[in-house]
1. In this structure, is Lys39 within 16 Å of Gly16 (Cα to Cα), among the charged types (D, E, K, R) and under 15 Å from the mean Cα position of the chain (by Cα)?
2. Among the candidates Val18, Val31, which residue alone is in contact with a Phe, Trp or Tyr (Cβ under 9 Å, 6 or more places away or on another chain), surrounded by 12 or more Cβ atoms within 10 Å (Cβ to Cβ), in a strand (DSSP E or B) and modelled with pLDDT under 95?
3. Check region 61-69 and report whether any residue there is part of a loop (DSSP other than H, G, I, E, B) and touching a Leu at 6+ places or on another chain (Cβ under 6 Å).
4. State all residues of region 70-96 that are in a loop (DSSP other than H, G, I, E, B), more than 21 Å from Ala118 (Cβ to Cβ) and in contact with a strand residue (DSSP E or B) (Cβ under 6 Å, 6 or more places away or on another chain); if no residue qualifies, say none.
5. Quick check on my filter: what residues within region 82-127 are over 21 Å from Lys39 (Cβ atoms) and among the charged types (D, E, K, R)?
6. Any idea which of Thr48, Thr62, Thr27 is among the polar types (S, T, N, Q) and closer than 15 Å to Lys123 by Cα?
7. Restricting the search to region 67-95, which residues are loosely packed, with under 10 Cβ neighbours inside 10 Å and either closer than 20 Å to Tyr46 by Cα or not charged (D, E, K, R) (or both)?
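The values are calculated or read from the model by the stated rules, or taken from the named source; none is laboratory data. Quick caveat: nothing in here was measured; it's all calculated off a predicted structure. Please note: Cβ atoms are built from the backbone with ideal geometry, for glycine as well, and neighbour counts cover all protein chains shown.
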Amino acid sequence: MKSLILIIKHYDMKKGQVKFHDTIVGTVYQVIGNDDKNKNGYFFEYNTEYIKNPIHGPISQTLPVREEPYRNEENLIPFFDGLIPEGFLLDIALKNWKLNEKDRMELLLRVCNDCIGAVSITKLNDEASK
């Protein structure tokens, strides 16, 4: 009798919903641990509904509305990294929430729910994907 061995590979994903002028426009996410290294990294993807009717335009001139996700292999996409506070505000967040300063995605998801400006990020549940 042959036995069947099922191998399930998990990878971690951190996700945030992106709002622009209180309209949901897309998702920012980080994929870690995927065996296909070409699928790891930091991503931003506009929602299909927003692509069809981009009433507020792009969230940044560096991120025009398009169907393909934006990807940066090694670092948080610069526009989103720029939303993270600096100086004493960053120090307060690091101390109060015991965050790692080098985990830029977690900082974005934890402290950018109410940013200065038109863009906000709401953390979505962490999930392990198959």
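1. Taking the combined requirement at face value, the residue does not satisfy it.
2. Working: Val18 fails: modelled with pLDDT under 95.
Val31 is the lone residue from the list that is in contact with a Phe, Trp or Tyr (Cβ under 9 Å, 6 or more places away or on another chain), surrounded by 12 or more Cβ atoms within 10 Å (Cβ to Cβ), in a strand (DSSP E or B) and modelled with pLDDT under 95.
3. no
4. Scanning region 70-96 gives a single hit, Glu73.
5. Of everything in region 82-127, those that are over 21 Å from Lys39 (Cβ atoms) and among the charged types (D, E, K, R) turn out to be Glu86, Asp91, Lys95, Lys98, Glu101, Lys102, Arg110, Asp114, Lys123.
6. Every option except Thr27 fails the conditions.
7. Hits for region 67-95 are Glu67, Glu68, Glu73, Gly87, Phe88.
Table: residues versus (1) hydrophobic (A, V, I, L, M, F, W, C); (2) over 30 Å from Lys52 (Cβ atoms); (3) modelled with pLDDT of 95 or more.
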| position | (1), (2), (3) |
| --- | --- |
| Tyr70 | no, no, yes |
| Glu73 | no, no, no |
| Glu86 | no, yes, no |
| Leu90 | yes, yes, no |
| Leu107 | yes, yes, no |
| Asp114 | no, no, no |
| Leu124 | yes, no, no |
